[in-house]
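Everything on this sheet refers to the single structure shown next.
Just so it is clear, none of the values below were taken in a lab; they were calculated from the coordinates. The structure presented is a predicted model; accordingly, all values stated were derived computationally and were not measured. All Cβ positions, even for glycine, are placed from backbone atoms using ideal geometry, and neighbour counts span all protein chains on display.
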Ligand code: NAD
Ligand code: MG
Ligand code: MG
Ligand code: MG
Ligand code: MG
């Protein structure tokens, strides 16, 4: 039987778990700016940790928040929230490790470095995760609207016996409990996140699009038609699934599309794809992918650079840029018409 996860809401959280405490937010990027501002607006004492020469320092001050070096911020803090890029976290942790006192908390928004042993905190600190399921600008926008972004919560190490309560208060402080916070573990969050982005969200979807595009163009169809059918319409379909599940999507398309989709989907993404997915999951679970990515970073990212360039050079990108300009033009003239009408 499937075991369902526990979900926490506002009523389950107690903000006193953060009362009188200072949260140091390391980094002021996508997640950092949102956590720092939301926590501060929720009445939590916040200091942002950034290097002396960081270009984000002015933005922090303009947003009315306190900024200090990572070491100074960590020294003042009871909770250190690691919101610099995952590849940078081990180095930042090495700098600030001495500032973590017994009973302090090391807080994450993704489990990679803890789960794969790149950061090994002392036994006397709490290690928690509050990971919003959305990019930082959405986390901030939802909060400002009085809404919240759903999130995940996990406790890796509970030295004080209060790690879960404090993490839940943190999740409330950034607005996540308004929507719902799903309980998970560092292992589950890390492995499902990596698998999802590799097999479906980032890897699987782009490969499906490119291979379908190439199939049509190689068969003599125009790149423009191939782009529309294989990439542009993807958003319309995904929006329907996002709003109402697979069922709403099937209800919205024609019966012909439904029958063709139901009969041919598994022909394209067949049992080989399933076996390949299992291999991808094996590499995530065994740590083989993590080792590959860590070594790639240590070598200054040669394969990453090359793959990135090849993706930029794909014909679909050039065709898409031209066609999206037409849409931008159409949208502009539409809003011009609206303006003329009023
Ligand atoms: P980001 O790349 O947007 O921001 C990182 C910030 O860290 C930069 O703006 C800068 O202020 C600072 N920084 C960059 N390089 C640095 C260095 N060498 N030394 C010190 N500081 C440096 O990062 P992000 O996407 O917000 O990711 C932060 C964490 O949140 C990661 O663990 C990530 O996995 C997690 N996360 C991100 C998202 C997302 O949508 N972006 C969603 C959920 C979880
Ligand atoms: Mg401290
Ligand atoms: Mg993710
Ligand atoms: Mg990820
Ligand atoms: Mg069609």
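Annotations for the structure displayed:
- Share, in percent, of DSSP beta bridges within the chain that are antiparallel, nearest 5: 25 percent
- Annotation: extensible slack from residue 212 through residue 123 equals 26.9 nm (criterion: 0.36 nm per residue apart, minus Cα-Cα distance).
- Helix-only mean residue ellipticity at 222 nm for the chain, each DSSP H run of n ≥ 4 adding -39500 (n - 2.57), per residue, nearest 500: -17000 deg cm²/dmol
- Degrees between helix 315-341 axis and first principal axis of the chain (Cα, 0 to 90, nearest 10): 90 degrees
- Gaussian network model of the chain, Cα within-10 Å springs - most flexible of 325, 165, 63: 325
- The chain: relative contact order in percent, alpha carbon pairs under 8 Å with at least 6 residues between: 14 percent
- Taking a quarter of the surface of the Cα convex hull of segment 7-184 gives a mean projected area of 8.8 nm².
- Percentage relative contact order, segment 144-299, counting C-alpha pairs under 8 Å, at least six apart: 17 percent
- Extension reserve of the residue 297-residue 133 stretch, reckoned as 0.36 nm per residue once the Cα distance is removed: 56.5 nm
- Over segment 144-213, equivalent-ellipsoid semi-axes from the Cα gyration tensor in Å: 32, 18, 6
- Rg ratio (alpha-carbon, reference 2.2 N^0.38 Å) - segment 52-125: 1.13
- Diffusion coefficient, µm² s⁻¹, Stokes-Einstein with Kirkwood Rh over alpha-carbon pairs of segment 169-302 at 37 °C and 0.692 mPa s: 181 µm²/s
- Nitroxide proxy distance, nm - points 7 Å out along Cα→Cβ at residue 52 and residue 256: 6.9 nm
- Gaussian network model of the chain, springs between alpha carbon atoms under 10 Å - residue of 66, 94, 255 with greatest fluctuation: 255
- Here the Gaussian network model covers the chain, with springs between Cα atoms less than 10 Å apart; of 221, 170, 213, 221 fluctuates the most.
- Rounded to 10°, Cα long-axis angle of helix 30-41 versus longest principal axis of the chain: 50 degrees
- Acute angle (nearest 10 degrees) that the helix 255-268 long axis makes with the longest principal axis of the chain, alpha-carbon atoms: 70 degrees
- Separation between Cα centres of segment 199-234 and segment 21-92, rounded to whole Å: 41 Å
- DSSP beta bridges fully contained in segment 7-184 are about 25 percent antiparallel.
- Each of 240, 100 has some number of other Cβ atoms within 10 Å of its Cβ, and from fewest to most they run 240, 100.
- Segment 239-338 - Kirkwood radius from inverse mean 1/r over Cα pairs (Å): 18.5 Å
- With all pairs of different C-alpha atoms in the average, the Kirkwood value for the hydrodynamic radius of the chain is 22.8 Å.
- A Förster radius of 45 Å combined with the Cβ-Cβ distance from residue 101 to residue 267 puts the calculated FRET efficiency at roughly 0.15.
- Pairs of Cα atoms nearer than 8 Å and 6+ residues apart set the relative contact order; for segment 1-62 it is 31 percent.
- Calculated translational diffusion coefficient of segment 1-63 (4 °C, 1.567 mPa s; Stokes-Einstein with Kirkwood radius over alpha-carbon pairs) equals 94 µm²/s.
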